[in-house]
Every structure is written in structure tokens, then in C-alpha cells.
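Notes to accompany the following structure.
Read the figures in this text as sums done on the coordinates, not as results from a lab. Keep in mind the model is a prediction, meaning the values are calculated, not measured. Counting neighbours? That spans all protein chains shown, and the Cβs are built from the backbone with ideal geometry, glycine included.
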Amino acid sequence: EVAEEGAQFTSIRVTASTQIFNDPAKPGQVVPLRVGEQHPAITVTLPDGSTTTIGAGQGKRTALTYIYTSCPLREFCPAIMERLQELQPLVADSDARILAVTIDPTNDTLKVLSEYGKVYKADGKTLNLARSTADDLTTLTTLAGMTLRSQNNQIVHKKRLLVLSETGHLMDRYDDTYWPAQRVAQQLKEGQPLGSTG
């Protein structure tokens, strides 16, 4: 109710509920990375069964994002993968890598990820898909500033692309699929420019 002396809530009604997988505001959990901060080392598994490290000690500049293979929304995961497909040849002559980690490790098996990668011409060297444990996924997505929710048999999530230095420090973060491919390629190849994400 709004009156001359101010406004107040008089009645609140719950219209829907969702399951929250992770919540950046929850006490005791990690918070999103800021530019210049180091991502902790987390091991993920690639479709061929080998493992690789994200974060401290990763050794390669990395573009990191999150998808799931059964995503039904064309403007989300498929759009993210198409942008990665565009980025792949721009950094193929460097030591940089592009990783898309599934946010649905229960259903996205290594075989499923392998087949999905083929659809988007992931070469397995520059562009690869990966799978983490459920616990590590919570840390990974929270560091990216994402909250995952299950709603109507879909995973509701935000779009993120993190650019990490070879030491795992955050160089930049993009919060949509409209990031400039040439700029991201330059960051991955030259280590600059740094973003201003706070």
C-alpha cells in the first residue's frame, strides 16, 4: 500500500517455488570472482576421460563458460556454443583453450558431451567440453556469479564467459553472448586488455 507518508507491504502471496542449487548470497559459500582475483584450482573431466585444471595452476589462458546439452532455449546454450565455435579459429594458433562445463553433470555423461561437441565442431584441443562433480559445480558457477535453479524440467541459469590468465586470475567476465570475439581472442592470446568487472 502506498500512502503520502510512505509505502508498506500488507500482503505477500507465494505464486511459485523453485529449487536453488547454489546461492552466492548464502553465508559460508564462495562469492563471484573480481578481475585480478585467482580462481581456485578445480579439476574437471574431458570427454576422452582425461582431466584438466581450471584456476590456479591451469597453465593456459582459458575462456570458461557453462552450458547443458538438453537446453531447450535457442538463445541460451546453443547460442553460447555458436559463439565459442566462432572464437575457436581465432585462438587455434595459440596455447589458449576454451572450456564449456556442463551444469547438468547427472545427464551430461562424457559420451553425451563428446557427441554434443561434434555438433559444434569442438576440436578437443582449443575448444572442449567438460564435466565436474556436483559439489565442484556449485563452486564453479558461484565464482562465475551464477545461480542455478530447476524449473519446469529445465535448468534456469545466466550466461557467463570468464577469461582467466594462465595463472587462473580473472582477466574479464562477460554476462551475455554478445561479447566481442576479437577482444576475447586478444585477451586469450596476449593476456590483455583487462576488464573492469568489480
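Take the alpha carbon gyration tensor of segment 39-198, find the square roots of its eigenvalues, order them as a ≥ b ≥ c, and report rounded if a/c is under 1.5; if not, report prolate when a/b exceeds b/c, else oblate. In terms of gyration-tensor shape, rounded. In segment 127-198, taking the dipole from charged Cβ atoms about the Cα centre, the farthest positive-side position among L161, Q186, L148 is held by L148. Counting charges near F76 (Lys, Arg +1; Asp, Glu -1) among other residues having Cβ under 10 Å from its Cβ returns a value of +2.
Relative to the current alpha-carbon distance between R34 and Q186, full extension at 0.36 nm per residue lengthens the span by 52.7 nm. From the largest down, segment 37-123 spans 34, 30, 26 angstrom on the principal axes of its Cα atoms. The residues packed around R131, meaning those with a beta-carbon under 12 Å from its beta-carbon, carry a net charge of -3 if Lys and Arg are +1 and Asp and Glu are -1. Shape of segment 157-198 from the C-alpha gyration tensor: oblate (a/c of 1.5 or more and a/b not above b/c, with a ≥ b ≥ c the square roots of its eigenvalues).
Which GluC sites (Glu not before Pro) from segment 52-91 combine a DSSP loop assignment with at most 14 other Cβ atoms within 10 Å?
In loop regions of segment 52-91 (DSSP not H, G, I, E or B), the sparsely surrounded GluC sites (Glu not before Pro) are E75.
Here the calculated FRET efficiency for S150 and S50, from their Cβ-Cβ distance with R0 = 30 Å, stands at 0.50, rounded to the nearest 0.05.
Hey, got a sec? Which trypsin sites (Lys or Arg not before Pro) in segment 55-137 land in a DSSP loop and have at most 13 other Cβ atoms within 10 Å?
R74, K121, K125
Of the chymotrypsin sites (Phe, Trp or Tyr not before Pro) in segment 107-198, which ones lie in a loop per DSSP and count no more than 14 other C-beta atoms within 10 Å? Kindly include the intermediate steps, with their values, before the conclusion.
Values: sites: Y116, Y120, Y174, Y178; in loops: Y120, Y178.
Answer by residue number: Y178.
Can you tell me how segment 77-171 classifies by the Cα gyration tensor, rounded, prolate or oblate, using a/c under 1.5 as the rounded cut? Here segment 77-171 falls in the oblate category.
What is the sum of charges around I155, taking Lys and Arg as +1, Asp and Glu as -1, for the other residues whose C-beta is under 9 Å from the C-beta of I155? Show your work: numbers first, answer last.
Values: positive: R149; negative: D104.
Every neighbour counted, the sum reads 0.
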